[in-house]
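Trainee: Handing you a structure now.
The values are calculated or read from the model by the stated rules, or taken from the named source; none is laboratory data. Predicted model only: the values in this text are computed from it and were never measured. All Cβ positions, glycine included, derive from the backbone under ideal geometry; neighbour counts span all protein chains shown.
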Amino acid sequence: MSTPGSISAGLAYLPDWLNDCRDAAAVDRLLCGWVAASRWRSAGFAWSDPATAGLSLSATPTRVERGGEFALSGSTAGTVGMTPMPNPAGRMTTLLAPPGREPGLIWAERNGTTPWSDDDRNYLKLSARLIERSPALAVLLGPAVDPERLSQRLADAAVIAGRMAHEFDNILTGIIGFSDLSLPLLPAGSQAAKYSEEISKVGQRGVLFTQQLHELSRSGHAKPQPGSVPVALATQASRLAAASPAVEVASDLAADLVGVAMEAGPLGMVLGHLLANAAEAMPAGGRAHVVAEMVDLSAADARGYLGAAQPGRHVRLTVRDAGPGIKPDVRARLFNDPFFTTKVRHRGLGLAVVYRSLCAHRGGIRIEPNPPTEPGTTVRVVLPPAAVRVPPTPAVPRTPPTLSGK
């Protein structure tokens, strides 16, 4: 069993995890200091494969982001990348579940065969809760998102957006209406007629923007009537085919798929935004792959999604594109800066609308980079199943699952 002194020294070290941390070398130094203070032999982080059914702390992780032996001398042999890590007897582990991130674990080892005590395990659990939001972990995974703060910021913005959209609707109606009325009075092909046409086009672009503001304003309202994923997907794929003919949408829908507790309108809006983002990531064309399946979320799995997902049965939608992927610095800002965007003439409202709608319907979202061998980005969305059966829907073809309409 551990001595009281080792736990006291380890507890005294924990505030060091809150120090500023800017690179992997600083993470190594923190780990080494933590090992020394706790009188362990080694410690590290590991993440499981998100495609597995859940995280088993006694199983061998399939992916290691940061691992290896951290000697008391301060030198490290840690590696970053796809590295198998054994799970020998005598290693103590506990869950590591940063909000909106893939769940993982913290492991610790010490010399000898003395069993770990309950105090040891409680200390490691306490450490994990603090490290989940530490600057050091942000170096490895990106900054942690505060879901409560994010939801409040978007709620405040939605109130303002709704009021602005209503006022701009009135202004744009006048601009478009009078430009359209004046066009027939002008000589065809004249410079004045061309100006009037441009005024009308600009007004129409303004209408598209106010529609997004209305979406943000209304997205926080729950509409849990049952919705059909196959029907919503077919509708949005057809719209995408018209807007982006070079992008193909492939689907893989599980045979046991049920309806979701989100009616057709919000469900289509969520899928529409995700497919539009996938298409914009592939301007030269490509395939957006959509998978819909039933999953059982553990408490750790639910915590790994940003939003309001709870443990239990869910419908999981996965949208994967074949674009260049999201750069780490961009991915880190996606939810920490709710309206951040790198797209010209975009205002970053799409993900904000998706997030608010999922929160209102007890769902969640997670954005993951694809493996190095598969360029692109994967977005996973979970929604609770509908309480009642969805009415019969038209059959949607599966394999080869092309819904592009081309």
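Trainee: Considering only the stretch 319-330, how many residues are crowded, with 18+ Cβ neighbours inside 10 Å and either closer than 23 Å to LEU95 by Cβ or of a type in the set (Lys, Arg) (or both)?
Mentor: Within the stretch 319-330, the first condition is being crowded, with 18+ Cβ neighbours inside 10 Å, and the residues that meet it are 319-323, 325-326.
When the remaining residues are screened for being either closer than 23 Å to LEU95 by Cβ or of a type in the set (Lys, Arg) (or both), the result is 320.
Residues in the stretch 319-330 being crowded, with 18+ Cβ neighbours inside 10 Å and either closer than 23 Å to LEU95 by Cβ or of a type in the set (Lys, Arg) (or both): 1 in total.
Trainee: Find the residue count for the stretch 3-18, including only residues that are within 12 Å of LEU130 (Cβ to Cβ) and in contact (Cβ under 8 Å) with a residue 24 or more places away in the chain.
Mentor: 6
Trainee: Of the residues VAL354, VAL379, VAL330, which single one is at pLDDT 90 or above, under 13 Å from ASN277 (Cβ atoms) and not charged (D, E, K, R)?
Mentor: VAL379
Trainee: Continuing with this model, one more query. Looking at (1) charged (D, E, K, R); (2) surrounded by 14 or more Cβ atoms within 10 Å (Cβ to Cβ); (3) over 18 Å from LEU306 (Cβ atoms); (4) not assigned by TED's automatic domain parsing to the domain that holds LEU105, which one does ARG153 not meet, given that it meets all the others?
Mentor: Answer for ARG153: the failing condition is (3).
Trainee: Which pairs turn up if I take residues in the stretch 229-247 that are surrounded by fewer than 19 Cβ atoms within 10 Å (Cβ to Cβ) and look for partners that are polar (S, T, N, Q) with beta carbon separation below 6 Å, at least 6 apart in sequence or on another chain?
Mentor: Going by the 6 Å Cβ cut-off, the qualifying pairs are VAL231/THR393.
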